[in-house]
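The values are calculated or read from the model by the stated rules, or taken from the named source; none is laboratory data. Bear in mind that the values here come from a model prediction, so they are computed numbers and not experimental data. Cβ: placed from backbone, ideal geometry, glycine included. Neighbour counts: every protein chain shown.
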Amino acid sequence: MTGLGAWLCAIDHKRVGILYMLSALLFFLAGGMEAMVMRAQLAAPNLKLIAPETYNQMFTMHGTTMIFLVAMPVLTGFGVYLIPLMIGANEMALPRLCALSFWLQLMGGVLLYFSFATGAAPDAGWFSYAPLSEKAFSPGAGLDYWALALLMIAGGSVGSAINLIVTIATERAPGMSMRLVPLFVWMTLVTSVMIVFALPALAASLVMLLSDRLLHARFFDAAQGGAPLLWQHYFWIFGHPEVYIVVLPAFGMISEIIPVFSRKPIFGYPFMATSTVAIAFLSYGVWVHHMFAVALGRNFLAVFAAASMLIAVPTGMKIFSWVATMWGGAIRFTTAMLFAVAFLLEFTVGGLSGVAFATVPVDWQMTDTYFVVAHIHYVLFGGTVFALLAGVHYWFPKMSGRMLDEKLGRWSFWLIVLGFNTAFFVQHFLGLLGMTRRVYTYPDLPWFGALNLISTIGAAILVFGILLFCANVAMSLFFGAVAGDDPWNAWTLEWAAASPPLLQNFAEIPEVRSRRPLWDRKHPEAPDWGVA
Amino acid sequence: MAMFLIAETVFFFLLILAFVYFRGTAKLSLEAGGIDTALLLASSLSMWRAASSGTGGSRPWLAVTLLLGAAFLIGQGIQYLHLIRDGVTLSQGAFGTTFFTLTGMHGLHVLAGLIALAIAPAPALRSMALYWYFFTAVWLAIFLVAYVWSAA
Amino acid sequence: MNTFFGPNWDLEPSVVAGCAALALGYIAVARKRGLSRMPYFLAGVVLLLLDLISPIDTLADRYLFSAHIVQHFLLALVIPPLLLLGTPVFKLGALNKLERAVGQPPVSWLLGVGTMLAWHIPALFNAALANDGLHIFQHLSFLVTGVIFWWPILGPLEDRRLPALGAVAYLFSACVCCSLLGAFLTLGPSGLYPAYIGYGGLDARSDQQLGGMLMWVPGCFVYLSGILSTVLRWYGAERTA
């Protein structure tokens, strides 16, 4: 079967991985358009480009799209594509589940966007607090679409997570013990376990919300004995691990890229792996920091504040590790490396603003202001998306057999960095000045107009940079220089397969004796495993 | 299957927690609940026999499991009817909401399990058995929390 | 003596004697096998002594539920690991049967977690507060079952330890139970332990909540540290495989 049919019926992990990435790209552009509509509306005070109800739909759809239809799927896609290659396997353990998970996720996205066609897109924010999300206050069908779509997407997520866990557990090449796996594999494994433990909390919340809305149940209806706060607890029990779920695989990518372009193995592999486990466990114990403003009692808040500050420690460990890897190395600034280094800086800024929120009084001042918006975009865009851009530039040759254009890459890099920081850095100040989030317009207070305009201009530059990146990808697919199997002189197993890999990844499964099997192969006189 | 069941554990744990949190009050029939529990336990036993016998011998035990499982669901349905007749519905308040959602979700999973058992090919039997034991265990937890502990 | 330590110290002679005996006995027995691990063991003994005779004990017995939680926390989660880390490798010999019966995971887990959960049942906890003999038994049980619980994780005999994945599951599941108990005490009904009426700015309800939270979050950290050290040790075990 060739052509479209082959792609629709694909169960080969490489094809499904690319399907995930394409789907994520489409939704990324949709979410980006939603963002630009918002930024246009906010460019000056008291604008009336769109109605307030439309604005609410924009921020809800933007957030929901970016987290559930872009970040999670694209990271899953990279995982599904790369994991078998990195562990020396020819396929995922459960290929049909692989495809099913993708299609579930896509169908969920289609269902969500279908709501636009009915005129009632969801509009209660991406975390839809009760009682706003109850039928009484949101009578349209928008939130029903939201909940049902998310249930489908969650199902797909859990399916792919289970698949990745089983694959990593059972299909590693001979000699590749769990102590020798590439860090991207390790982080994907930890993330997948986190998904298994966190997504059901979302599912429970959504089931409860749908019961309330469609079957007149009383979970969140205070007047009838329910508790709106229960939604917040249950959602954030999912929500906090979720933000680590969308960032840990990105960490994994960075951990592959920085060593190769520093020509040094990663510094402190055991600490990198252990700190990942620490982050995974701790992330389930800090959810209350999203609820500091809800009057839960001082002692309670203090304990969660302490735990939230603690979680910065293992994350900081990783930053040190990456920097230490670069230290003294022969650094080569390819576009992938540029994005990786930018990631370090941007994510650190985002992490610092996050830790600021762990201090309860600061949170009371800053919550629901643009300071939060700045924080989340620094960690999610400056973090996850930058890492993804690095990852695309790094693995594109493997996936397509062609190199991306370096000159276009650099242009897009600088435009994206300029645009991103212009758009979001000023939002820290807007938040400190008191501008609340999720408002469709604002009064003409000192600095509000100017800073918002700067932010909008930054967003426009960012869009341009992204489009340039897309153009680079499109052009290079057809006209890029032919890449060999191993254009970067890298060390992990995926570079031993062809570019792009054949249907059967490896003609013979290699035997692995260290963390850098290709280094061993290229340097038989000084292999990694020969070191005492 | 084990990984999937871990996910389900979290899901049902949260639903049970909601039930406990609201600590609703209503009279649940211990006898009816007890009979249902016995039915499901018996069906797990027959499931175990089905899974441990060879390809030929599993058929009759599977049939027994399906029958017992169906009887469980019917028992649930009858209880639901009685409760609704007494005015305890999904909208009745915290108890109705949490009880019906919890047992309803469990019942849906049992139904799905019955359908899957009816059409599953032989190699899947071991996984399905695990699924079945798990939902028997979830029912035990529900029974203890909703029937026994609430009655006290 | 009392004037030196002040009136808030509970200088129970049997406790002091017992700790001294433990320390001296250790030195006598371990001298043959090398005293490299002595600092851990002695730290454990000193902590045990302080835990039971310092003002923590007085606060715990009479004034604050949260102080009592701190006391039990040390007894079950801090002192046993120290004692075990301080134990040199030894031949089981006659103790082999006991170890097989009690030191293996399902049993050791149940003894450790079960003891913790059981003693927080209000009837039992309050009874121990009222009866000195029961109280001593309570403390001893925390210490002994604590050592049993941590044996498959930190015991000196490598072949009796759990492999890495098992150890993580063992500690994680214990952590969940401890968290649930702590969460229940924090968020659930107050007034479970009526002997505590509040002290020093903490009212009875806040005191119970604080106790629950101490059990919940710092407790989790102990188990998490165990998990992390297990993972790190697993990485250090062999260089390339």
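A few remarks follow.
- Cβ pairs under 7 Å, 6+ apart, first in the stretch A:125-143 and in contact (Cβ under 8 Å) with a residue 12 or more places away in the chain, second crowded, with 16+ Cβ neighbours inside 10 Å and among the β-branched types (V, I, T): A:G125/A:T60; A:W126/A:T60; A:W126/A:T64; A:W126/A:I67
- On the stretch given as the stretch A:205-225, residues that are at the interface with another protein chain (Cβ under 9 Å from one of its Cβ atoms), buried (at least 24 other Cβ atoms within 10 Å of the Cβ) and touching a Ser or Thr at 6+ places or on another chain (Cβ under 7 Å) total 4.
- Yes/no for A:K264 being buried (at least 21 other Cβ atoms within 10 Å of the Cβ), charged (D, E, K, R) and closer than 28 Å to A:L82 by Cα: no
- Any hit, the stretch A:165-182, residues being crowded, with 24+ Cβ neighbours inside 10 Å, within 10 Å of another protein chain (Cβ to nearest Cβ) and in contact with a Cys (Cβ under 8 Å, 6 or more places away or on another chain): no
- Neighbours by Cβ (under 6 Å, 6+ apart or cross-chain): first from the stretch A:30-48, among the acidic types (D, E); second in a helix (DSSP H, G or I): A:E34/A:M58; A:E34/A:M61; A:E34/A:H62
- Of the numbered criteria (1) crowded, with 23+ Cβ neighbours inside 10 Å; (2) more than 10 Å from every other protein chain (Cβ to nearest Cβ), the one A:P228 fails is (1).
- Filter result (within 23 Å of A:P314 (Cβ to Cβ), without any contact (Cβ under 8 Å) to a residue 12 or more places away in the chain and either surrounded by 20 or more Cβ atoms within 10 Å (Cβ to Cβ) or within 9 Å of chain A (Cβ to nearest Cβ) (or both)) within the stretch C:199-225: C:F221
- Failed item, numbered, when A:G88 is tested on (1) under 25 Å from A:M178 (Cα atoms); (2) out of contact with any Pro (no Cβ under 6 Å at 6 or more places or on another chain); (3) modelled with pLDDT under 95: (2)
- Residue among C:H120, C:H139 that alone is touching a residue at least 12 places away in the same chain (Cβ under 8 Å), away from every other protein chain (no Cβ under 14 Å) and closer than 30 Å to A:L230 by Cα: C:H120
- Applying the condition of being among the polar types (S, T, N, Q) and farther than 17 Å from A:A30 by Cα to the stretch A:104-153 and asking which residue is nearest to the chain's Cα centre (by Cα) yields A:S128.
- Scanning the stretch A:183-199 for residues that are surrounded by fewer than 24 Cβ atoms within 10 Å (Cβ to Cβ) and over 23 Å from A:G391 (Cα atoms) yields A:V196, A:F197.
- Test: residue in the stretch A:258-266 that is farther than 15 Å from A:F343 by Cβ and within 8 Å of another protein chain (Cβ to nearest Cβ): no
- Between A:A498, A:A460, A:A471, A:A481, the distinction of being of a type outside the set (F, W, Y), farther than 30 Å from A:D123 by Cβ, surrounded by fewer than 18 Cβ atoms within 10 Å (Cβ to Cβ) and within 27 Å of the chain's Cα centre (by Cα) belongs to A:A471 only.
- Against the conditions (1) in contact with a helix residue (DSSP H, G or I) (Cβ under 8 Å, 6 or more places away or on another chain); (2) of a type outside the set (V, I, T); (3) in a helix (DSSP H, G or I), A:K407 satisfies every one except (1).
- Only listed residue being hydrophobic (A, V, I, L, M, F, W, C), in contact with a Cys (Cβ under 8 Å, 6 or more places away or on another chain) and at negative phi, chosen from C:L42, C:L48: C:L48
- Listed by position, the helices (runs of 4 or more DSSP H) enclosed by the stretch A:270-368 that each have at least 2 residues that are closer than 22 Å to A:L388 by Cα and either within 12 Å of chain C (Cβ to nearest Cβ) or in contact (Cβ under 8 Å) with a residue 40 or more places away in the chain (or both) are A:312-326, A:335-358.
- Residues satisfying the stated conditions in the stretch A:476-505, i.e. more than 30 Å from A:I266 (Cβ to Cβ) and either modelled with pLDDT of 95 or more or assigned to a loop (DSSP other than H, G, I, E, B) (or both): A:L503
- Checked against (1) within 13 Å of another protein chain (Cβ to nearest Cβ); (2) in contact with a Phe, Trp or Tyr (Cβ under 7 Å, 6 or more places away or on another chain); (3) crowded, with 20+ Cβ neighbours inside 10 Å, B:Q92 passes all but a single condition, namely (2).
- Check on C:L49, part of a helix (DSSP H, G or I), touching a residue at least 60 places away in the same chain (Cβ under 8 Å) and within 14 Å of the chain's Cα centre (by Cα): no
Condition check ((1) over 17 Å from the mean Cα position of the chain (by Cα); (2) of a type in the set (S, T, Y); (3) within 13 Å of another protein chain (Cβ to nearest Cβ)) across all residues:
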position: B:L40; (1), (2), (3): no, no, no
position: B:A51; (1), (2), (3): yes, no, no
position: B:S58; (1), (2), (3): yes, yes, no
position: B:A63; (1), (2), (3): yes, no, no
position: B:L68; (1), (2), (3): no, no, no
position: B:R85; (1), (2), (3): yes, no, no
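Conditions (1) surrounded by fewer than 22 Cβ atoms within 10 Å (Cβ to Cβ); (2) in contact with a strand residue (DSSP E or B) (Cβ under 8 Å, 6 or more places away or on another chain); (3) in a helix (DSSP H, G or I), marked per residue:
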site	(1), (2), (3)
A:W7	yes, no, yes
A:V16	no, no, yes
A:Y20	no, no, yes
A:V37	yes, no, yes
A:N46	yes, no, no
A:T60	no, no, yes
A:M66	no, no, yes
A:L85	no, no, yes
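- Those residues of the stretch C:11-46 which are surrounded by fewer than 17 Cβ atoms within 10 Å (Cβ to Cβ) and outside any helix (DSSP H, G or I), in sequence order: C:L11, C:E12, C:G34, C:L35, C:S36
- Selected residue [closer than 22 Å to A:A305 by Cα and crowded, with 16+ Cβ neighbours inside 10 Å] from C:L129, C:L228, C:L154: C:L228
- Residue count for the stretch B:1-38, restricted to those that are buried (at least 16 other Cβ atoms within 10 Å of the Cβ), more than 14 Å from chain A (Cβ to nearest Cβ) and not in a helix (DSSP H, G or I): 1
Table: residues versus (1) at pLDDT 95 or above; (2) under 22 Å from the mean Cα position of the chain (by Cα).
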site: A:G401; (1), (2): no, no
site: A:W411; (1), (2): yes, no
site: A:W414; (1), (2): yes, yes
site: A:G419; (1), (2): yes, yes
site: A:T422; (1), (2): yes, yes
site: A:T436; (1), (2): no, no
site: A:V439; (1), (2): no, no
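- Figure legend. Inter-residue proximity from the stretch C:178-198: first residues more than 10 Å from every other protein chain (Cβ to nearest Cβ), second residues exposed (fewer than 15 other Cβ atoms within 10 Å of the Cβ), beta-carbon distance below 8 Å, spacing 6+ or different chains. Indicated pairs: C:L181/C:L117; C:S190/C:R205; C:G191/C:R205; C:L192/C:P122; C:Y193/C:P122; C:A195/C:A130.
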